[in-house]
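Structure record follows, encoded as structure tokens.
The values are calculated or read from the model by the stated rules, or taken from the named source; none is laboratory data. This is a predicted model, so every value here is computed, not measured. We place every Cβ from the backbone using ideal geometry, glycine too, and count neighbours over all the protein chains shown.
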Amino acid sequence: MAIKVAKFGGSSLADAGQFEKVKAILLSDPDRRYVVPSAPGKRGYTDIKVTDMLYECSRKAAAGNAYQEVFDRIRERYMDIREELGVSFDLKPALDEIERRIAMGEGSDYAASRGEYLNGMLLAAYLGWDFVDPAECVFFTDKGKLDERKTEEALSRILKEHSYAVIPGFYGMDASGKIKTFSRGGSDITGALVAQAVQADVYENWTDVSGCMMADPRIVRNPEVIRYVTYRELRELSYMGAGVLHEDALFPVRKSGIPTNIRNTNDPEAPGTMICYEADDEDSEFGITGIAGHKDFAIVNVEKTMMNSELGFGRRVLQAIEEQGISFEHMPSGIDTMCVVVHEDSLAGKKEKLVSRIYELCDPDSVEIHSGLALIATVGRGMVRTKGTCAKLFNALEKAGVNVRLIDQGSSELNIIVGVDNLDFENAVRAIYRAFVPKDRAR
Ligand code: ASP
């Protein structure tokens, strides 16, 4: 029997109606045996996530302000779901205990984690599945980092005892025995850890979109959903800002060779996006997989005649950058020029010092800093074997009247990065998208 781990995001469990959809999805496939819920999310545009309300309670309690009204709203949300689903499980003792501990100043991690804890208990009761508390099987070190070895050992040992279980996302226990959360959106990580521990055949991540889009829908109207993407491609896309999953969620599943399937709770028939270790080029219908990017980078441009023959030149430029506590993103270079791309805000208050330090260390002919640069990555595993991808891309940019200020193609040939003016960013993304995805394509 195969094993599927299904993680459901906050919007998938925001009210009783969504719980019903989740139950139908789980019961439609007996391989879905472990479920990782988030806390109830927004029910509409103006609604507030339970996690945010819990943080608010904790902040107010710490400042000695009244938080009762906010906690009552949280109480009401869970009670409403429980009542509408007709679940007999009594949540009141747990809610009272949480309220008491927040009042005693238990801290923000404890407070925030209770959103998932309560939702997990409710979901387990609704499904009739076992409840497994991550406080007993997800561990953090005394440095606050995930204790991978201990967690994997405990999760796989404990989950072996349960054929069907609900494991709340987002939190675990730290070395001193206190509840600790991952960073925001961290239920994705719990889901991936559970998938790794039970050696799942697939990690399903259920959300409210039908997968990863080929481009940002705020820029390109109705972009295509990516059907197959490799972990490496996704890493490139998410680095450039195309985020569907918490970044740290990719590592446990990628390492274990478990595919991740992004699915839509509101459209369960849609196949979503499959993220795999490897994928065939033929699965990439458009020749590229996706486009992502963002604005506000700067280029530090260092020129020196005969730079190529000067030993240690690059190292000294990077040393100057490191001394200022700046981390660099890319480094396209020529024979006599070296460009280092950094985030513009990392240069704030450091520009002059950096330039003078490069002069001291490297004795260059010139050092210039150009800001207002946007980077766009066009990612595709098939590029390495396809002729004409670059030509298509640059033709499209030329036709759109976009001036390309920088080009960087990684040696893996997994992507082509172009730097354009911030002002040209959206126009350039649309032009590249249209060059690869025909407008009149029947869906
Ligand atoms: N509920 C937490 C948050 O809002 C964790 C999660 O949903 O993944 O960040």
Subject >> Count of segment 155-186 residues which are assigned to a loop (DSSP other than H, G, I, E, B) and surrounded by fewer than 21 Cβ atoms within 10 Å (Cβ to Cβ) >> reply: 13
Original post:
Looking at segment 147-205, which of its residues are of a type in the set (S, T, N, Q) and free of Cβ contacts under 8 Å to residues at least 40 places away in the same chain?
Top reply: S176
Subject >> Pair list, Cβ under 8 Å, 6 or more apart: segment 84-113 residue touching a residue at least 60 places away in the same chain (Cβ under 8 Å), other residue of a type in the set (S, T, Y) and away from the ligand (no atom under 16 Å from the Cβ) >> reply: L85/Y126
Subject >> Qualifying positions in segment 30-66 - assigned to a helix (DSSP H, G or I) and in contact with a Phe, Trp or Tyr (Cβ under 6 Å, 6 or more places away or on another chain) >> reply: C57, K60, A61
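Out of all the residues in segment 300-313, which are at pLDDT 90 or above and either surrounded by fewer than 23 Cβ atoms within 10 Å (Cβ to Cβ) or within 30 Å of N222 (Cα to Cα) (or both)? Even if it seems obvious, please write down each step before you answer.
Filtering segment 300-313 for residues at pLDDT 90 or above gives 300-305, 311-313.
Residues satisfying the conditions are N301, E303, K304, T305, L311, G312, F313.
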Original post:
Are there any helices (runs of 4 or more DSSP H) wholly within segment 306-408 with 1 or more residues that are touching a Cys at 6+ places or on another chain (Cβ under 6 Å), and if so which?
Top reply: 313-323
**OP:** Output the residues belonging to segment 199-218 that are in contact with a helix residue (DSSP H, G or I) (Cβ under 8 Å, 6 or more places away or on another chain), crowded, with 21+ Cβ neighbours inside 10 Å and either in a loop (DSSP other than H, G, I, E, B) or at positive phi (or both).
**Re:** A200, C212, M214, A215
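One line per residue, one yes/no per condition, for (1) β-branched (V, I, T); (2) modelled with pLDDT of 95 or more; (3) surrounded by fewer than 21 Cβ atoms within 10 Å (Cβ to Cβ); (4) under 25 Å from G186 (Cα atoms):
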{"position": "C57", "(1), (2), (3), (4)": "no, yes, no, yes"}
{"position": "K60", "(1), (2), (3), (4)": "no, yes, yes, yes"}
{"position": "D80", "(1), (2), (3), (4)": "no, yes, yes, no"}
{"position": "A94", "(1), (2), (3), (4)": "no, yes, yes, yes"}
Original post:
Can we say E152 is away from the ligand (no atom under 16 Å from the Cβ) and assigned to a loop (DSSP other than H, G, I, E, B)?
Top reply: no
**OP:** Select from segment 26-55 the residues that are surrounded by 14 or more Cβ atoms within 10 Å (Cβ to Cβ) and of a type in the set (F, W, Y) and list them in ascending order.
**Re:** Y34, Y55
